[in-house]
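Student: Pasting a structure below so you can have a look.
Values quoted throughout were computed directly from the atomic coordinates according to the rules given, and no laboratory measurement underlies them. This one's a predicted model, so the numbers in the text were calculated from it and none came from an experiment. Note that we place each Cβ from the backbone using ideal geometry, even for glycine, and neighbour counts take in every protein chain shown.
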Amino acid sequence: DLCIAAGDRAGCPVLDELVIQTPVVLPATLRIVVEAAGPDGQRPLTVHSRTAAQWIPHATGTLSDRQPTHPPTATDTWPPTNAQPLQLTDAYERFATAGLHYGPAF
């Protein structure tokens with residue numbers, strides 16, 4: 001939402017891509033930087049938080065003023081017709097087995 005709000009102020013209200021590198025631990029001082037548009041009209045953005053000593057990178061992405069090719073409508077069905085529920089009660093254990101370890105801040 002903060003990236004979209006920054007894009008709104010920069011005239012690029014569509015968040016085309018957001019790659020999260022590190023979760024933000026709150027409370028935090030955040031800095032969202034929206035750069036100048038490239039030849040394709042997209043504007044790169046970065047998200048950082050401040051510690052006492054340095055700025056920590058959290059995410060990179062791109063903004064544009066293009067509307068999505070298929071905006072959601074009231075007739076879209078959710079969940080999708082062939083959706084299958086996933087069991088998530090042991091998700092963190094399965095992530096750990098795969099080498100992905102999430103601490104209490106996540």
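Student: Could you tell me the largest-minus-smallest coordinate of the C-alpha atoms of region 1-66 on each of the three principal axes, in descending order and whole angstroms?
Tutor: Ordered largest first, region 1-66 gives principal extents of 36, 19, 16 Å.
Student: How much net charge surrounds D40 when only other residues with a Cβ under 14 Å from its Cβ are counted (Lys, Arg +1; Asp, Glu -1)?
Tutor: -2
Student: So, one more: Show me 28-41, 9-22 ranked by packing, highest mean number of other Cβ atoms within 10 Å first.
Tutor: Ranked from most to least packed, the peptides come out as 9-22, 28-41.
Student: To the nearest 20 Debye, how big is the dipole of the chain about its Cα centre, given +1 on the beta carbon of each Lys and Arg and -1 on that of each Asp and Glu?
Tutor: Using only the charged Cβ atoms, the result is roughly 300 debye.
Student: Let me ask you something else. When the helix-only estimate is applied to the chain (DSSP H runs of n ≥ 4, each -39,500 (n - 2.57), divided by the residue count), what is the mean residue ellipticity at 222 nm, nearest 500 deg cm²/dmol?
Tutor: Calculated from helices alone, the mean residue ellipticity at 222 nm is -4000 deg cm²/dmol.
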